[in-house]
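K.L.:
Here's a structure for you.
Only the coordinates and a few stated rules stand behind these numbers; no lab work does. Computed from a predicted model, the values in this text were never measured in an experiment. Cβ atoms come from the backbone with ideal geometry, glycine included; neighbour counts cover every protein chain shown.
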Amino acid sequence: MGLIRYESQVRVPLVEGDKNYHQITEDICRPVEARPSRAWWIGFIISVAFLLFGIVSVTMEVTYGVGQWNLNKTVGWGWDITNFVWWIGIGHAGTLISAILLLFRQGWRTGVNRAAEAMTIFAVMCAGQFPIWHMGRVWDAFFVLPYPNTRGPLWVNFNSPLLWDVFAISTYFTVSLLFWYSGLIPDVATLRDRAKKKWRKLFYGITAFGWTGSTKHWQRHEALSLVLAGLSTPLVLSVHTIVSFDFATSVVPGWHTTIFPPYFVAGAIFSGFAMVQTLLVVTRKVLSLEQYITIEHIQVMNKVIVLTGSIVGIAYLTELFISWYGANKYEGFAFMQNRLNLSSPYGWAYWIMMGCNVLSPQIFWIKKMRTSLTLTFFMSILINIGMWFERFVIIVTSVYRDYLPSAWSTYYRPTIWEVGFYMGTFGLFFTCYFLFAKFFPVVALAEIKHILKRTGDVYKSKMGELEVQPAEEFAEVHSHDHGA
Amino acid sequence: MSVKKFIVGSFDDEAVLFPAVKKVRKTGYKIHDVYTPFPIHGLDSTMGLRDTSLHTAGFIYAITGTATALGFISWALTYDWPLNFGGKPFFSLPAWIPITFELTVLFSSVGMVLTFCYLCQLAPFVKKDHFNLRSTDDLFIMAFECTEKTNETEAVAFLQTLGAKNVKVDYRETQWWLGRYDKEIKVFDKKTEVAAV
C-alpha cells in the first residue's frame, strides 16, 4: 500500500517541529481555549475605543450632513472614497490566497489562509461603510437595489459602474464569507469535541453545524471548496476591476485610462499582502504559532509583495509616460503639474506613494531582508501607507484641478470627523480580528493535518532516504495508489 | 426508534486505514461510515462512494444566475422603462456583463453552499453523533453496522487484525441522520480490486 506523499527536499518544510495530528490540534486550539491574555484585552479595548470614536464621527455626519466632511463641489470624493478603495484593496489578499493558491496547489497557503480570509471579510466590511455613509441620506441607501417601487417602477441604472460596484462588493462579501465559513466548520467541530465548559459546548455546538467528518461529507466539502475557489478567482479579479471602472469610465483627467483594471488589481494584491504580513507577523508571535506560520511563509509573501509592487511601479511609469506621449494637455497637466511637481499642493503625496510602493519593496530582492521579521513588519506598514496615498493621489489630485480653473479647489484637508470615520473602521477591523483570533482557530486545522505528512519537518527529513533509491524500486514500493 | 448495533474501530494512521477499508468491504461487511479529521483523498472511492454531483448543481445555479441577470436587465432597460443614456442603444449588452458575471458567481456560490448543507444535513443547532470525539482530532473512526447474522466477536477480532485500535461494539438509536448514505455504497467488484494493486 503506497500511500506516499513525497515532496522534494528542495522545498522547505511548512510545518516545523516534531508534530503529529494531535499535537497540531493542541497547538492551534491552545490560544482559543486559554483565557485571554492581558495583551489581548489591551488591544481589544483600544480597538473598541477606536470603533466608538468612529460611531461618534458617523453620527455627526448623519446628523449634520456630509458638510461635516471638508468635501466640496470640486473635491466630491476625498478621504471617504480613498478609504473605501484602500480597504477593498486590502480585502483582496484573503481570497487570492485561499482561492488562487488553492487552484495553483500551493501548499504554503494552508498556514495563512484562514487568517487572511478573515481579514478579507473584515476589510470588506470596513470598505462597505464608506460609500454607504457617503450617501448622506443613508436611510435611502436601499435605493441602490433594484426593487419594485412606486416610482414607475424606476429601475437602477444597470449601465453605471457605481451600480456594478454595489453588485461586485456585495457578491464578494457574500462569497468570501461562505468560503471562509464553510472551511471553518470542520475546525469548529474540533473545538466543539474538545470543549469542556458548558458555554463552549453550546457555542461551538451551534457554530459547527453538526459536522461529523464523515467521508461523504468530506468528499462534498472538497468539491465545494474547489468550485468556490474556481468561482472566487475571477471574482476577486472582477471586484477591483469594477472598482477601477468607477474612475476609468469617467472623463476626468488622470482617471480616464485603460490601464486601470490590471493596475488596480495588482495594487490590491500588493496592499492586501502587506496587511496580511502586518497581522500575521504579530499573530504568530503572540499565539506562538511560529511552527505553522513559518519564516518561509513570510518570505513567500514578501516575494509576492516585491512582484506586485513592481507591477504597480510599471503601471505608475506607464501612465506617466502616456500622459506625456499622449499629448492630451489636460491629462498631461494632471500628471506633470498636479502630481509630479513636488511644489504643487499635493506633490508630496505623489512622492510618498512612489517611495513607499515602488522603491521600498525592492529591498525584498535580498533574501536576508525577506526573512527578517522586523523589516517585514516595518515594510508592511510602509506599504499600507503608500497604498493609501496611491488612492488619495488618484482621487484628489485628479479632481481638485480639472478642466475649469474657476472651479479649482483650494487645499482640501479632512475634518476630524472624516479622520474619525477612518479611525473607526480601524476599530471595526481590529475588534473583529481580535474576536476572531480569540474564538476561532487562526490556522486551518484540517488543512494543516492534510499537508503534514508531505511537508512536515519530520516526515520530510525521512524522504531523503527515498531520493537515493533507484527509480524502479521507488516506483515499485510507492506506486501512487488512491484505492479502488 | 430502534437501536442499531455498530462495530467501531479507530485507526491512527491513514496508511493502515486504506487496506482495512478494502478488506472490510471485501469480506462483505457494510461500512456505515468512516469519520476522519481531515479529507483523505481516495478514501471515498475506496469505500465505494460515488462521486458527488455538487459541481453539477453549482453549474445549474450559475446559469440560473446568468439568465436571471440578463433576463431582468434586458427586460427592465429595453421593455419596462427604456432610458436614453447619451443616445446609446437600449440593449447595451457589454455594460451588463459585470452584473451578469457577479450574479452568476453569487447564485452559484450561495446555491452550492445551501445544497452542501442540505445534503450533509448541516445547520446551526443540529446535533449528530460520530461515535468518537477524537475523530475530529487525530483518529480515523470506522463504523460498520451489525445485522442479525453478524458474529460480534469475530467481527471485532477481524477489525483488530486489520490494525484497528480500541475496537468496541456500540449501540446507537436510529435517528433521522443515521444510515443515510449506505444505500450509495456499491458492492465491491473484482475489477476495481485489480486496478488498485
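K.L.:
Mean-square fluctuation check for chain B, GNM, Cα pairs under 10 Å: which of B:ASP33, B:ASP170, B:ASP80 is largest?
P.N.:
Result for chain B, Cα springs under 10 Å: B:ASP80 fluctuates most.
K.L.:
Once label points are set 7 Å from the Cα along Cα→Cβ at both B:THR78 and A:THR74, what is their separation, rounded to one decimal in nm?
P.N.:
4.5 nm
K.L.:
Other chains' Cβ within 10 Å of B:111-117 residues: what's the mean?
P.N.:
Mean shielding count: 5.
K.L.:
Going highest first, how would you order A:31-39, A:9-17 by mean Cβ packing within 10 Å?
P.N.:
The peptides rank, most packed first, as A:9-17, A:31-39.
K.L.:
I need the helices of chain B that pass two filters: whole DSSP H segments spanning 24 Å or more by Cα along the axis, and mean Kyte-Doolittle score no lower than -0.5.
P.N.:
Helices meeting the criterion: B:54-74, B:93-119.
K.L.:
Give me A:SER176, B:SER10 ranked fewest to most by other Cβ atoms within 10 Å of their Cβ, as a rough exposure proxy.
P.N.:
B:SER10, A:SER176
K.L.:
What is the Cα centroid distance between the range A:361-425 and the range A:38-101, reported in whole angstrom?
P.N.:
Each part reduced to its Cα centre gives a spacing of 14 Å.
K.L.:
Could you work out the mean count of beta carbons from other protein chains within 10 Å of each residue's beta carbon in A:178-186?
P.N.:
Details: counts 7, 2, 0, 1, 6, 0, 0, 4, 5.
The shielding value for this peptide is 3.
K.L.:
Sticking with this structure for a sec: Can you return the lysines within cross-link range of B:LYS23? Criterion is Cα-Cα under 26 Å, with same-chain partners fewer than 8 residues away left out.
P.N.:
Hits, sequence-local ones excluded: A:LYS216, A:LYS449, A:LYS453, B:LYS4, B:LYS5, B:LYS149, B:LYS165, B:LYS168, B:LYS183, B:LYS186, B:LYS190, B:LYS191.
K.L.:
Still on this structure: What angle do you read, to the nearest 10 degrees and between 0 and 90, between the alpha-carbon axis of helix A:416-439 and the longest principal axis of chain A?
P.N.:
Between the helix axis and the principal axis of chain A, the angle is about 10 degrees.
K.L.:
Restricting to DSSP H runs of at least four residues, report the calculated mean residue ellipticity at 222 nm for chain B, -39500 (n - 2.57) per run over all residues, nearest 500 deg cm²/dmol.
P.N.:
-13500 deg cm²/dmol
K.L.:
If you don't mind, another one. Need one number: nm distance between label points at B:GLN121 and A:ARG200, each 7 Å from Cα along Cα→Cβ, rounded to one decimal.
P.N.:
Going from the B:GLN121 label point to the A:ARG200 one covers 2.8 nm.
K.L.:
Can you give the angle from 0 to 90° between the axis of helix A:198-207 and the longest principal axis of chain A, with both taken from C-alpha atoms, to the nearest 10?
P.N.:
Approximately 70 degrees, to the nearest ten.
K.L.:
For the range B:1-49 and the range A:265-299, what is the centre-to-centre distance using only Cα atoms, to the nearest Å?
P.N.:
Cα centres, the range B:1-49 to the range A:265-299: 38 Å.
K.L.:
What is the Cα radius of gyration of the range B:54-119 over 2.2 N^0.38 Å, N being its residue count?
P.N.:
1.36
K.L.:
Hey, what angle do you get for helix A:295-325 against the long axis of chain A, alpha-carbon based, 0 to 90 degrees rounded to 10?
P.N.:
30 degrees
K.L.:
While we're on this one: Running a GNM on chain B with Cα contacts under 10 Å, which residue among B:PHE38, B:PHE158, B:PHE11 ends up with the highest mean-square fluctuation?
P.N.:
Among B:PHE38, B:PHE158, B:PHE11, the largest GNM mean-square fluctuation belongs to B:PHE38.
K.L.:
So what is the 222 nm mean residue ellipticity for chain A from helices alone, if each DSSP H run of at least 4 adds -39500 (n - 2.57) and you divide by all residues, rounding to the nearest 500 deg cm²/dmol?
P.N.:
Roughly -22000 deg cm²/dmol at 222 nm, from the helical runs in chain A.
K.L.:
Could you tally the net charge around A:MET60, taking each other residue with its Cβ under 14 Å from the Cβ of A:MET60, Lys/Arg +1 and Asp/Glu -1? Walk me through the numbers before you get to the answer.
P.N.:
Values: positive: none; negative: A:GLU61, A:ASP80, A:GLU418.
Residues near A:MET60 contribute -3 overall.
K.L.:
Give me the inter-chain shielding for A:440-452: mean count of other chain Cβ atoms within 10 Å, whole number please. Let's see the in-between values first.
P.N.:
On the way: counts 0, 0, 0, 0, 1, 4, 5, 2, 1, 7, 5, 1, 1.
For this peptide, the per-residue mean of nearby foreign Cβ atoms is 2.
K.L.:
Next question, about the same structure. Given 20 °C and 1.002 mPa s, how large is the Stokes-Einstein diffusion coefficient of the protein assembly as shown in µm²/s, with Rh as the Kirkwood radius over Cα pairs? Don't jump to the answer; show the numbers that get you there.
P.N.:
Details: Rh = 27.6 Å.
Answer, rounded: 78 µm²/s.
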